[in-house]
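The values are calculated or read from the model by the stated rules, or taken from the named source; none is laboratory data. Computed from a prediction, not measured in an experiment: that's the story for all the values here. Here the Cβ positions follow ideal geometry from the backbone for every residue, glycine too, while neighbour counts run over all protein chains shown. The accessibility values were calculated without ligands, DNA or RNA, using every heavy atom of the protein model including side chains. Shrake-Rupley method; radii C 1.70, N 1.55, O 1.52, S 1.80 Å.
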Amino acid sequence: MSEQFLDPPVGGTLACVRAALPTLNPSERRVAAVVLDRAADVREWTVADLAGAAGTSRASTVRACQRMGFKGFQHLRILLVRDIASAAPRGGPALDPQAEPAEVARGVFRTVADALGESLAPLDGAEFARAVDAVAATPRLLVLGNGGSAPAAQGAALRLMRRGRSAEAPGDAIVQEVTARTLGPGDVCLAISDSGLNLVTLRGAAAARAAGATVVGLTSFHRSELARHADVVLVAGPGGGPFSSRVQTGGVVQTLLLNALEICVQARDLAAGRQDAAELATVADFIERPETGAG
């Protein structure tokens with residue numbers, strides 16, 4: 001994917017900053033940390049103010065903004081002004097871990113719901129359309145996901161198979177790499193890694209690409225190692241807040257984005273006459289029914 005500067009949707013600027021964090025050098029990370037911690041202040045600052053707060057030079061600060069995906073400091077500042085001015089109040093009180101257990105549960109759901117609202121900010125719509133095109137056209141799909149990304153990978157492959165698609169998601173690391181080597185031109189490898197750094201997934205993605213398959217990478221971070229292995233890069237991740245970590249929201253984001261991809265692919269199948277209209281999936285259809293025996 002070629003580098004380009006895109007305005008994130010309203011409310012999504014800080015999510016884009018988080019998505020770039022793993023690719024930044026130490027001085028650039030200091031700039032990003034100040035932006036994340038003091039966004040309301042940064043919107044009023046000059047580039048010299050931000051540089052001073054981050055302990056770096058003005059040139060390094062501008063470069064950091066560009067590395068985070070913005071045209072420069074002024075572009076970032078304008079987006080922060082827009083987001084803060086448009087911010088809606090959160091749906092309830094902040095999560096208090098010392099509250100009554102039932103209130104902690106409600107707080108977790110509120111926090112995750114708020115985080116999910118920002119999770120698509122880094123997603124490039126054109127890249128998502130390319131992913132839909134690739135999966136809809138492929139005769140064979142290999143889905144790779146390990147560690148915390150394994151459930152999303154297994155679920156996606158199962159749902160696609162239930163609807164007549166050729167999809168496989170082996171759980172064994174060696175089988176994943178061996179299967180990837182058997183792919184060829186026209187086949188697709190959908191590799192899922194929240195961090196973009198899972199070595200097992202990276203080996204499978206690299207083997208698939210070497211075999212001539214199209215690799216679609218789903219990760220939370222721009223310019224991650226997985227992004228460098230992928231022909232199509234889907235970046236989506238959690239929003240902010242003290243309790244909205246990837247542990248809480250990463251798997252949910254992956255599953256929902258894969259649901260969207262599956263719905264688009266099935267719509268293509270319907271349009272091409274490969275499925276009956278009655279079988280067109282809704283969001284509810286993609287949630288496992290109790291009678292399936294799934295966990």
Over the stretch 140-170, the set of residues at pLDDT 95 or above and either within 21 Å of Ala210 (Cα to Cα) or among the basic types (Lys, Arg) (or both) is Arg140, Leu141, Leu142, Val143, Leu144, Gly145, Asn146, Ala167, Glu168, Ala169, Pro170
Per the filter on the stretch 44-79, residues free of Cβ contacts under 8 Å to residues at least 60 places away in the same chain and in a loop (DSSP other than H, G, I, E, B) are Glu44, Trp45, Thr46, Gly55, Thr56, Ser57, Met68, Gly72
Give all pairs with beta carbons closer than 8 Å in which a residue from the stretch 138-157 that is without any contact (Cβ under 8 Å) to a residue 40 or more places away in the chain meets a residue that is assigned to a loop (DSSP other than H, G, I, E, B) and open to solvent by 30 Å² or more (accessible area, probe 1.4 Å); count only pairs at least 6 apart in sequence or on separate chains. Ala150/Gly171; Gln154/Gly171
Within the stretch 1-32, of all residues that are hydroxyl-bearing (Ser, Thr, Tyr) and touching a helix residue (DSSP H, G or I) at 6+ places or on another chain (Cβ under 9 Å), the one modelled with the highest pLDDT is Ser27
So, in the stretch 144-181, exactly how many residues are open to solvent by 30 Å² or more (accessible area, probe 1.4 Å), over 16 Å from Leu258 (Cα atoms) and hydrophobic (A, V, I, L, M, F, W, C)? 4
Taking the stretch 7-43 and the residues there that are hydrophobic (A, V, I, L, M, F, W, C) and part of a loop (DSSP other than H, G, I, E, B), the one that is least open to solvent (accessible area, probe 1.4 Å) would be Leu24
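In the stretch 182-198, how many are within 19 Å of Leu21 (Cα to Cα) and surrounded by fewer than 18 Cβ atoms within 10 Å (Cβ to Cβ)?
Going through the stretch 182-198 one residue at a time, the tally reaches 1.
A quick yes/no check of all residues on (1) of a type in the set (S, T, N, Q); (2) at pLDDT 85 or above; (3) part of a loop (DSSP other than H, G, I, E, B):
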position: Val216; (1), (2), (3): no, yes, no
position: Arg223; (1), (2), (3): no, no, yes
position: Gly240; (1), (2), (3): no, no, yes
position: Ser244; (1), (2), (3): yes, no, yes
position: Leu257; (1), (2), (3): no, yes, no
position: Ala281; (1), (2), (3): no, no, yes
position: Glu288; (1), (2), (3): no, no, yes
Kindly check whether there is at least one residue in the stretch 44-61 that is closer than 26 Å to Thr219 by Cα and open to solvent by 40 Å² or more (accessible area, probe 1.4 Å). no
Determine if the stretch 96-105 includes at least one residue that is over 26 Å from Asn259 (Cβ atoms), at pLDDT below 80 and not β-branched (Val, Ile, Thr). yes
